[in-house]
Amino acid sequence: MHKLNQSIEEEYDAAIIGAGNGGLVAATQLALEGKKIILFEQHNVPGGFATSFVRGRFEFEASLHELCDYGPESNKGGIRKLFEELGIDIPIAKVPEAYNLIITSPNEKLDITVPFGVNDYINCIIKEVPKSEKSVKKFIRLCQEVHEALNYIKESRGNPDKKILMGEYGNFLRTAAYSLDDVLEALKIPKKAQDIIKGYWVYLAIPTNRINFTIYAAMLYFFLIRGAYIPKHRSSGYTMALEKRIRELGGKIEFNTKVEKIIVKDGKITGLETSHGDKIKTNFIISNASPTLVYNNLIYPDSERPDVGYQFVNARRHAVSCFVLYLGLNKSAEELGIENYSYVISESTDTEKIYESFKNLECPRIQATICMNNTITDASPQGTSILIITSFFRPKTWTGINENEYFTLKNKIAMELIEKFEKATNTSISESIEEMEIATPETYSRYTGTYKGVTYGYEVDSWDSTLPRLMRMNEERYIEGLKICGGFSFQGVSYTNSLLSGQITALLTLQELMNEEGDDE
Amino acid sequence: MSKEEPELKVKIKGKIRDLLAFSKLTSKREKKIEKASAEPIETDFLKQLAKNLHPNYQHLIIDKIIKETKSSQTFRLIADPESETKKLAYFRAGQYISLKVNINGYSITRPYTISSSPTDVTRGFYEITIKKEENGFLTNYIWENWNEGTKILSSGPEGFFYYQPVRDSKNIVGIAGGSGITSFRSIAKEIAEGILDINLTILYGCSDEEDILFYEELKDLESKFPTKIKLVIALSCEEITMEGCEKGFISSDIIKKYADIRKNTFFICGPQMMYDYIDGEIDKLKIPEKRIRKEVYGEIKDVLKFPDYPRENLEKIYNIKVHIGNIPKEIPAKATDTILVSMEKAKISPPSSCRSGECGFCRSYLVSGEIFVPSKSDGRRAAEKQFNYFHPCSSYPKSDLEIVVPRKK
């Protein structure tokens, strides 16, 4: 009854599906250019994964560990510049160290805190593995070349001069088709130094013999030269800033509204329909929802669903989902002896074996844990602290669980993750838990709507890494007027990539809108 | 890069092979896609699990009404067989469902704790127990209109008031006032069923002997499981005929008498008057926050009790411009009504559930104007405060307002 009279029937320059990192940026960018836009989000808050929630006197970050390519005022990274361009200014804090890597298996024992900064990073590894100096320096030079090559490609707006690529970025080209392991081996880096370098693999969560080298090198190098940052008010600190900015710029946002149909005619976008009966006319849609959902569920009518859309999805491998334990502790980090912000605690350096553990309904054998107060001192009231333990499951693993087992299972895994943290860091936290929440693949499925709760997009094997995705972007646009941003897009997963993908898809859409206007005249 | 360093030449499998591998990246990608199946993806089990555990709506029907006391009734609710609700969502003892009731065109929501045990879900029902309030707009309506067979729309199970084994002590003390006993009935039943392995002491405060809920049932559980369940009644009325009960409100002395204040976790659920009193008693005992779990405060009954409420506004009626969907609508709003209540009175029904500023369902955007939010019910996140978002269910107008409100799911 209310649904009918509240529904929206209007024409827009562009519609955006999903208010995650990509969708929010795309909407803001288009609104900033004076375009008439509408943004639909099925949940009641913005951000997708980039959000926070309150339990008792604690506000927990939902998913962000380290924002890459933000950089200090004096060395602005892409994300800092992006936020400036979009007109948002948020309080932010600098993460003190890259990670504390702890390997717990008795024959591989390792406990090392890796700093940011190219020289500090190299020195730290050399100190631990003296024989690695030459090869590690070579590795860093290679990372730098990858970084510069990608900058060059970006500056050339995706049309790099092949001669320049061959002449100046030969190493970049020659490593682009290989995995992280392939390259580290070829550089003859001692095993222990390799293990230290691979610490960030948890941010992609596929075995290092499959992680594409280019994507890893680019990420690592950004972290080293620009450090890492987190917003003081959690990721909702900027997602809500964007939400407000969109409204100020005249954009419309509708929460609790699920897009049910992307209407296509003769291979071209003509509009969309929602769960509230909204009928939007538009020739341009930017979807923060994945190709998996777009091609399987959203394109309407069925006859407009291209076979190749299904193939595009099925060829790829959905990445992991997360299991996250949020703890509000009633003692300070100092009192508890939690010294670092970011911990990677793994039972082994064999990333294939660890990845296998994501396939069983047991406690995964790795965790990426952050203590928020070690970056934002006042992240929680004085004398308390927030610890967030993240682990991973393959999307299929939780299939078949029934509802009454679900809560028991969650608690069992949570308990083991806590024990493992305590043992690895020689701390005791279980007696200090004042508030806790557990998120599972089910939770992420519910709040973000991603297929099977997948958090990390599609796995970045070399053939499906950023470079081939970018090189084939035009050919892989199967529907005119439709673009995909976010963690499942051409950019690859991560906060930084998702945010940037929003801007890129908005600028491409803008270009097409201008062409369209040109045609009309 | 410094000049003296030799040129970097990385070789993985051979200079030519490496370049070839690069140049083949895109054709490899094309082939992968070409060879892939054109079938739809397999069904998403997690989506189904999420829907089962957290349905947006549950279509229920009253199966049975049980008179508990002079003024209280238990309603046994089952899935409406004519609806899309095929089975009820599982819950954790202590959680509530939010009922959505339509009274002569006014659509309102009210949270009620589930008083049956989670296991009863597998038997197909929930129970909620409601006390009729004097001059209660909703409860009057319920008493007059709800019969066996009446259909009711409800949320999924909500709330965070439940035992969490990783966090809480295995010995818990339930402090209940009035209808607040419902949570502990659910917990006690789950203990008796051998599912929840904890020990529960209930301190149950009532204003009158006649108002005690579930007395026989809880006494029976106590006698069957003497090491696991204990019931203590505290009566605040003048005349007491019942034996073995405590007199007066549940004071720090009574708590000390029955509980280990150094170890137990305390679960508190009751009317607002009780919360206001018990806070002081808990303070005296110096129990750390970690071991205090409180059910949400509920919709504020009397905003004037907050000393920071701007009293000069008391009689005022403001104008609120509400944007919902494509509709802007101007509505009157009493300074002493929450913004949610004003909207409901104007027959705009935005989403809502907890009515205590906690769940975030009604989160809205304040375009202009000023609001008062009692700190007791301020569940906003830091960024929400910074960027003018608010919860209409726990906010009062201090001036004319313009707000953007979401539509229901």
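As I understand it, the value is the acute angle between the Cα axis of helix A:133-155 and the longest principal axis of the Cα atoms of chain A; what does it come to in degrees, rounded to 10?
On a 0 to 90 degree scale, this one is about 10.
Can you compute the charge dipole magnitude of the protein assembly as shown about its Cα centre, using +1 on each Lys and Arg Cβ and -1 on each Asp and Glu Cβ, nothing else charged? Give it in debye, rounded to the nearest 20. Before the final figure, lay out the partial values.
On the way: 123 positive and 129 negative charges, 428 e Å.
The calculation lands at about 2060 debye.
Give me a comma-separated list of calculated 3J(HN,Hα) values for the range B:292-302, in order, Karplus coefficients 6.51, -1.76, 1.60 applied at θ = phi - 60°, integers in Hz, x for any Gly or Pro.
10, 10, 10, 5, 4, 5, x, 4, 5, 7, 9
Quick check for me: using +1 on Lys/Arg Cβ and -1 on Asp/Glu Cβ, what's the dipole size of the range B:305-405 about its Cα centre, in debye to the nearest 20?
Working: 15 positive and 12 negative charges, 41 e Å.
So the dipole magnitude of the range B:305-405 works out to roughly 200 debye.
In square nanometres, what is the average projected area of the Cα convex hull of the protein assembly as shown? Walk me through the intermediate numbers first.
Details: hull surface 159.4 nm².
Here the figure is 39.8 nm², rounded to one decimal.
Per the Cauchy relation, a quarter of the hull surface: what is the mean projected area of the convex hull of the alpha carbons in the range B:171-294, in nm²? Please report the intermediate quantities before stating the final value.
Numbers: hull surface 28.5 nm².
Here the figure is 7.1 nm², rounded to one decimal.
Please report, to two decimal places, log10 I(q)/I(0) for the range A:115-227 at q = 0.13, 0.17, 0.18, 0.23 Å⁻¹ as given by the Debye formula with identical point scatterers on the Cα atoms and no solvent.
-0.48, -0.81, -0.90, -1.36
How high is the FRET efficiency between B:Lys321 and B:Glu84 when r is their beta carbon distance and R₀ equals 30 Å, given to the nearest 0.05?
So the FRET efficiency works out to roughly 0.25.
When we measure straight from the Cα of B:Lys228, which aspartates and glutamates land under 13 angstrom away, once same-chain ones fewer than 8 places off are left out?
Partners within reach: B:Glu190, B:Glu193, B:Asp197, B:Asp220.
Scan around B:Glu68 for amide H atoms under 5 Å from its own, H built in the peptide plane at 1.01 Å from N, and keep only partners 5 or more places away or cross-chain.
Close amide H contacts, sequence-distant or interchain: B:Gln73, B:Thr74.
Rounded, prolate or oblate: which fits the range B:305-405, taking a ≥ b ≥ c as square roots of the Cα gyration tensor eigenvalues, rounded meaning a/c under 1.5, else prolate when a/b beats b/c? Please list the in-between numbers first.
Values: a/c = 1.44, a/b = 1.06, b/c = 1.36.
It is rounded, given that a/c, with a ≥ b ≥ c, falls under 1.5.
For the range B:305-405, give the share of DSSP beta bridges that are antiparallel, in percent and rounded to the nearest 5; count only bridges with both residues there. The partial results should precede the final answer.
On the way: 15 of 20 bridges.
Approximately 75 percent, going by the DSSP bridge assignments.
Could you compute the FRET efficiency for B:Asp400 and B:Asn145, with r as their C-beta to C-beta distance and R0 at 25 Å, rounded to 0.05?
Details: r = 36 Å, r/R0 = 1.45.
For B:Asp400 and B:Asn145, the calculated efficiency is 0.10.
Would you mind computing, in nm to one decimal, how far apart the modelled labels at A:Asp350 and B:Glu312 are, each placed 7 Å from Cα along Cα→Cβ?
7.5
Once R0 is set to 35 Å, what does the formula 1/(1 + (r/R0)^6) return for the Cβ-Cβ distance between B:Leu8 and A:Asn474, expressed as a FRET efficiency to the nearest 0.05?
Working: r = 32 Å, r/R0 = 0.92.
That gives a FRET efficiency of 0.65.
Are there cysteines in chain B with no other Cys C-beta under 4.7 Å, and if so, which?
Within chain B, the cysteines lacking a partner Cβ under 4.7 Å are B:Cys206, B:Cys237, B:Cys245, B:Cys269, B:Cys362, B:Cys393.
Got a sec to turn the phi values of the range A:123-132 into Karplus ³J(HN,Hα) couplings, 6.51 cos²θ - 1.76 cosθ + 1.60 with θ = phi - 60°, whole Hz, x for Gly and Pro?
Running phi through 6.51 cos²θ - 1.76 cosθ + 1.60 with θ = phi - 60° gives 4, 4, 6, 4, 4, 6, 10, x, 6, 8 Hz.
Say we join alpha carbon atoms closer than 10 Å with springs in a Gaussian network model of chain B; which of B:Ile233, B:Ile12, B:Ile324 then has the biggest fluctuation?
It is B:Ile12.
Mind listing the long-range amide H neighbours of A:Gly271? Cut-off is under 5 Å, sequence gap 5 or more, other chains count too, H placed in the peptide plane at 1.01 Å from N.
Under 5 Å from the amide H of A:Gly271: A:Ile263, A:Thr282.
Once the dipole of chain A is set up with Lys and Arg at +1 and Asp and Glu at -1 on Cβ about the Cα centre, which of A:Gly199, A:Gly518, A:Ser432 lies farthest towards its positive end?
Most positive-ward Cα: A:Gly199.
Can you compute 3J(HN,Hα) from phi for each residue in the range A:183-198, using the Karplus curve 6.51 cos²θ - 1.76 cosθ + 1.60 with θ = phi - 60°, rounded to whole Hz and x for Gly and Pro?
Working through the residues one at a time gives 6, 4, 5, 4, 7, 6, 7, x, 3, 4, 5, 4, 4, 5, 4, 7 Hz.
What spacing in nm lies between the two simple spin-label points modelled at A:Arg57 and B:Lys132, each 7 Å away from Cα in the Cβ direction?
4.3
Once amide H atoms are built 1.01 Å from N in the peptide plane, which residues 5 or more positions from A:Tyr99, or in another chain, come under 5 Å H to H?
A:Val114
Among bridges DSSP assigns within the protein assembly as shown, what percent are antiparallel (round to 5)?
On the way: 93 of 146 bridges.
So the antiparallel bridges in the protein assembly as shown amount to around 65 percent.
Among DSSP bridges having both ends in chain B, what percentage is antiparallel? Round to the nearest 5. Let's see the in-between values first.
Details: 45 of 74 bridges.
Taking every DSSP beta bridge within chain B, about 60 percent pair in antiparallel fashion.
What's the longest uninterrupted piece of chain B once you rule out the GluC sites (Glu not before Pro) that are loop residues per DSSP with at most 15 other Cβ within 10 Å? Can you show the working numbers first?
Values: sites that count: B:Glu4, B:Glu7, B:Glu42, B:Glu82, B:Glu84, B:Glu133, B:Glu134, B:Glu148, B:Glu193, B:Glu238, B:Glu239, B:Glu243, B:Glu315, B:Glu370.
Between exposed loop sites, the widest span is B:244-314.
Once you put a point 7 Å from the Cα of B:Glu39 and another 7 Å from the Cα of A:Asp519, both along the Cβ direction, what distance in nm separates them?
Result for the modelled spin labels: 3.8 nm.
Only residues of the range B:245-271 count here: report those whose backbone N is under 11 Å from the spot 7 Å along Cα→Cβ of B:Lys305, or say none.
B:271
Read-outs: derived from the displayed coordinates by stated rules, not from any lab. Since this is a predicted model, take the numbers as computed values, not measurements. All Cβ positions, glycine included, derive from the backbone under ideal geometry; neighbour counts span all protein chains shown.
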